[in-house]
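What follows is a set of notes on a single structure, which appears directly below.
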Amino acid sequence: MSKKKKKRTQRPAPKAAPITPRSVASSEFAAKLPVDNPGAGAILDKRMTELMRQPDSNQRLARHRELVRDYNLALIDKGLACSRSQLKSMDTIDMTAVATHSTDPSAIPESDAFNDPDYVDYVDNIDNMFLRAIPCISSGVLRINTTRYIRFEMKSVDVPGKTFSVWVQDYTNFSGLWSPGVSGTVTASFQADNRSVSLSVPGDDAMTFGRMYRLLDYKKDLHWTDRDIEIWKSFQLKYTDDCEKAVASRNTNGIQELARIFLRYMALLNYYLERNKPKAIRQPVKKKQAPAATEKTEQPEVQTAQPPKRLVRQVGMALVTTVKPPKAPTEDSVRHYKTPVWKARGGIRRLKSGKLVPFKESIRHRKALLNQNSEIPQSVIRVINNTPKEKENDG
């Protein structure tokens, strides 16, 4: 009598560790920030030294690069992350114009805009930093460097409690490889004195690198060999775990640091929106040439102007692509936060059998805003440096 084949058990998804809330002073919105992952270079050098001691180090290093690429592509294919082209198709707040030119196009850049005396005075004397930190659009992408993006999606806003929740996800081009980063829903709770904000992340929604790089099944989803898995665990996972321990020693984590950067840029953008009225630049509509004269002259066809899909508006120092012209948030506007178009992000569902089933993201629209062609008109807000210059002294 033949033995029954043992049913393969599905590996459970790794659980996220509890995360301690991170306190951020509002003055940090107008100050120089330290590097986002201090010590990562030294940790990488240590792991590289260990790898190069092995006899087949060059082959292992080349294969590791391929494994990182394959893993990231698998995350995108399963709807757990976005490609760069997908990010570019979303509503975008491009703040690269405020960045000081950096040698690394994927790093968190420095910027003199945050140290501008007018902006520092604005932050020091603002009466409601809570509203100034809320994004002017409910979902989209914040671009802060040539190849550094933060995808975001507003989840909730509590005006009386001065609290809002936003989901953020980091993206970068690391060593020539498109790389999704940490993600999670961050709740920003502003204190009564308006001088500090607490950033908290629910453990079950925190997708750290350590959790993300253990999320997929190496054999079933990626078809890796035992040698591939050994290279991945001995180099990538060890490096990732060491980096996260280093950040945790500073009582923070990558998701909270990402939210800290996000709020910093949102406050600067709202500062520009308050001081600059977006001005639309419309291209002239080209008229069709009249048909050549014939024996029977027909009346030219009357054309109705269609609303432009994109409008270009200038307002400060960014390039913002949005469905509607953005405005600085007010208590009334955030109370009626409505999303005209949004992407329901992908994820993983656990069935009753215990099996994990990934599902891809989907695009959803509010039907009331669709035009006759079932398309949503978009606006492009071009933010440039139009700060008034000081008048020259002729005396």
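Summary of values
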item	result
Verdict on ILE150 being closer than 27 Å to ARG275 by Cβ and at pLDDT 95 or above	yes
Residue count for segment 79-114, restricted to those that are under 19 Å from LEU177 (Cα atoms), not polar (S, T, N, Q) and not in a loop (DSSP other than H, G, I, E, B)	3
Count of segment 219-240 residues which are of a type in the set (Val, Ile, Thr) and either touching a helix residue (DSSP H, G or I) at 6+ places or on another chain (Cβ under 8 Å) or buried (at least 19 other Cβ atoms within 10 Å of the Cβ) (or both)	2
Boolean, ARG143 is open to solvent by 50 Å² or more (accessible area, probe 1.4 Å), among the basic types (Lys, Arg) and touching a helix residue (DSSP H, G or I) at 6+ places or on another chain (Cβ under 7 Å)	yes
Residue in segment 255-271 that is among the polar types (S, T, N, Q) and on the phi > 0 side of the Ramachandran plot present	no
Residues satisfying the stated conditions in segment 146-165, i.e. touching a helix residue (DSSP H, G or I) at 6+ places or on another chain (Cβ under 7 Å) and under 24 Å from TYR122 (Cβ atoms)	ILE150, PHE152, VAL157, VAL159, LYS162
Scope segment 171-204; condition in a strand (DSSP E or B), more than 17 Å from ALA248 (Cα to Cα) and open to solvent by 10 Å² or more (accessible area, probe 1.4 Å); matching residues	THR172, ASN173, PHE174, LEU177, TRP178, SER179, THR185, THR187, SER189, PHE190, SER196
Filtered residues of segment 195-226 (kept if more than 17 Å from ILE348 (Cβ to Cβ), touching a residue at least 24 places away in the same chain (Cβ under 8 Å) and out of contact with any strand residue (DSSP E or B) (no Cβ under 8 Å at 6 or more places or on another chain))	TRP224
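The values are calculated or read from the model by the stated rules, or taken from the named source; none is laboratory data. Quick caveat: nothing in here was measured; it's all calculated off a predicted structure. Glycine also receives a Cβ, built like all others from the backbone with ideal geometry; neighbour counts cover every protein chain displayed. SASA here: full protein model, heavy atoms, side chains in, ligands and nucleic acids out. Shrake-Rupley method; radii C 1.70, N 1.55, O 1.52, S 1.80 Å.
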